[in-house]
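For reference, the structure is listed below as structure tokens.
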Amino acid sequence: RDGEGQVLRFGGDSVFAVFDRASSALNRALEIQRVVSCLPPATGLPPQSPGVGTPLQLRIGLHTGEVLIREGERVEIISRHVNRAHRLMEAAVPGQIYAGEAVVEAARDFIDVPRESLAINYYGEYYLKGVGATELCEVVDTRFGAAHPPQLPKENRFEPALLGRLELAGYEAVKRLGEGAHGVVYRAVRQGQAT
């Protein structure tokens, strides 16, 4: 509505939109969270309908990356960015906004929420199916929602120092397999090879 974002695609019950600035995307997500949390419970539906008596809640995932757009129509969407935003959204519970650390860092000084009502939680790096290691950050307007840690298994948690050493050696971590008294074991592949 303000010309700062553009809806590019609908998929099932998801909407994919792009913004020129991380702050615009994050502020729009917070506005959606505010508006939706204030809607009355579903009414006018038969009593046995799912969701009757419960407020509508959305999950929002934000990621940053280059998307090529020609004036008025889509030229190309870089699929890995779309997939990562989708996986961030899937890690959230209803009512949450999850974003990559780069989005939060680029937008943090321009968030339209009073400082006393803003919570930014950094959960660290997690393995997200199909997109690999991703920093998970949650942004909450505490007047309308509460913070929740990722709804992901603990084995999806990465140790940044170990992952950095793997990358320097030319490998990419695929999955955390386990841990013991002396270390953590990951399944890894050479960078550029299929998993």
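The values are calculated or read from the model by the stated rules, or taken from the named source; none is laboratory data. The shown structure was predicted, so the numbers you read here are calculated from the model rather than taken from an experiment. A quick note on method: Cβ atoms are made from the backbone with ideal geometry, for glycine too, and the neighbour counts reach across all protein chains shown. Just so you know, the surface numbers come from the protein's heavy atoms only, side chains and all, with ligands and any DNA or RNA stripped out. Shrake-Rupley method; radii C 1.70, N 1.55, O 1.52, S 1.80 Å.
Observations on the model:
- Protection proxy ranking of 137-147, 97-107, by the mean of other Cβ atoms within 10 Å over each peptide's residues and highest first, is 97-107, 137-147.
- Derived from the Cα gyration tensor, the three semi-axes of the equivalent ellipsoid of region 103-153 are 23, 14, 7 Å, largest first.
- Of the residues 32, 120, the one with the largest accessible area comes first in the ranking 32, 120, computed with a 1.4 Å probe on protein heavy atoms.
- Computed lengthening from residue 171 to residue 118, 0.36 nm per intervening residue step minus Cα-Cα distance: 15.3 nm
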